[in-house]
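Accompanying notes for the structure given below.
Every read-out reported here was derived from the displayed coordinates using simple, explicitly stated rules and does not represent laboratory data. Note that the structure is a prediction, hence the values are computed from the model and not measured. Every residue, glycine among them, receives a Cβ derived from its backbone with ideal geometry; neighbour counts consider all protein chains shown.
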Amino acid sequence: MTSWQADYPQEYQEIIAKTDDKVRPIFSKLDSIALNNQSKVLKSFQKHHVSDFHFQASTGYGYHDEGRETLESIYADVFNTEDALVRPQIISGTHAITVALFGNLLPGDELLYVSGEPYDTLQEVIGFAGDNVGSMMSYGITVNYVPLTEDGKFDGPAIKDALKRHPKIVAIQRSKGYASRDSFTIREIKDLVTIIKEGSPSSIVFVDNCYGEFIEEKEPTDFGVDLIAGSLIKNAGGGLAKIGGYIAGKSEYIKASATRLYAPGIGKNAGATVIGLRDFYQGFFMAPHVAIQALKSSIFAAALLDHFDIETHPKWDAPRTDIIQTVYLSSREAMITFAKTIQKYSPVDSNVIPEPADMAGYENQIIMAGGSFVEGATIELSTDGPIRPPFSMYLQGGLTFEHAKLAYTAAVYDLFYNK
Ligand SMILES: *Cc1c(COP(=O)(O)O)cnc(C)c1O
């Protein structure tokens, strides 16, 4: 049988082998993280005697949906929280975060982001961008953020100062998103939570946990964070969820979130799961494994590109707390070549050719690649970036490391050999 890499020149095959050797010790540590997180999830499934009837759908109001209630108990166990809201009616990460924040803020309250400027899609939710219709600011909620220090870290003194106003919610974004900073590790978040609880014990500490789930052995809620939210078409859905978001935290904050999502009086007691939650269960069961597959994919790409002196962030051997990998490809052409090859190596729409395009809300053209089973799911292999210096491409996802390895080795080959 011919090897998958037989068509590559010997020299490139050796580089791939060297890359495998480099990442092996890191991968072995990641296997142990996946194993411990898998154990945590399995224990909760056992405790709740998960059975086929939990996967059954409910209709109409969706009262007494035992499958839904049990799944939420499992999320609460795994995230070590009092309660959770895990719903197909939450349509994305942005929606989950919006529901959690709006649900717990009233006019006159302050929301304080301490991790610098919030993620792009939240700018309109807050009212920093867009037409302000329905934004937090339009409701008379005050939103401030504390910029990061020059090296992209939490600004302790400035945060302590802002805490004197006792903001209703203090928010931390774990993953860097499209910013150039490091993502915040659980240890950094833990230390910051201590400072927040000291400076303003009444504040609700919220973490945007998108892309972070199951990348470390602990989650923010293991260290005093009151409320977290994320998307099910990223890590927590394990690649199987077709839609959905989750919020986990203290009961009173979950109740307030559910009230905002649905209506006062209904709270989390209704919300039919019309097609059932089998994918949510199986996806959450798979998530510790899949998240690490995606992380291995990003690390392999960084290690391979490092060999060709392409700048990467984080470096292949740097500590990780999310699945996002930035690579600086240094030209428009390189970005297009890379995206085209990733698209060609996608299981879906492999025949489509990505082109740079204008996108609402972005100043520069964007190029995106990734043919996913679930539209826009970034736990599946995907890459995107704005076409402007320093030509950063954001790589993420990979349901299986094998797929991502095939795609990344081909993309790097096309960049450096196949000109
Ligand atoms: C992806 C992401 C979001 C928004 O999630 P969507 O599902 O794309 O709406 C929010 N914050 C961070 C840090 C993210 O990475």
### Summary
Highest GNM mean-square fluctuation among ARG24, ARG174, ARG278, for the chain with Cα springs under 10 Å, belongs to ARG24
### Query
What is the diffusion coefficient of the chain in µm²/s, taking the Kirkwood radius over Cα pairs and the Stokes-Einstein relation at 4 °C with a viscosity of 1.567 mPa s?
59
## Note on the structure
For SER51, SER44, ascending order of other Cβ atoms within 10 Å (fewest first) is SER51, SER44
### Message
Just to confirm the number: angle between the C-alpha axis of helix 401-416 and the first principal axis of the chain, 0 to 90 degrees, nearest 10?
### Response
50
### Query
Where does the chain land at 222 nm, in deg cm²/dmol rounded to the nearest 500, when only DSSP H runs of n ≥ 4 count, each adding -39500 (n - 2.57), divided by all residues?
-13000 deg cm²/dmol
### Query
To the nearest 10 degrees, how steeply does helix 93-103 sit against the main Cα axis of the chain, on a 0 to 90 scale?
20
### Summary
Flagged as over-length at 31 Å C-alpha distance, from LYS164/LYS242; LYS197/LYS268; LYS153/LYS255, the pairs are LYS164/LYS242; LYS153/LYS255
### Sites excluded, GluC sites (Glu not before Pro) in DSSP loops with at most 16 other C-beta within 10 Å, longest stretch of the chain
218-362
### Message
So if each residue of separation counts as 0.36 nm, and I subtract the Cα-Cα distance between LYS197 and ARG24, what length gain in nm does that give?
### Response
58.3 nm
### Message
How charged is the neighbourhood of PHE300? Take every other residue with its Cβ under 15 Å from the Cβ of PHE300, and add Lys/Arg as +1 and Asp/Glu as -1.
### Response
+2
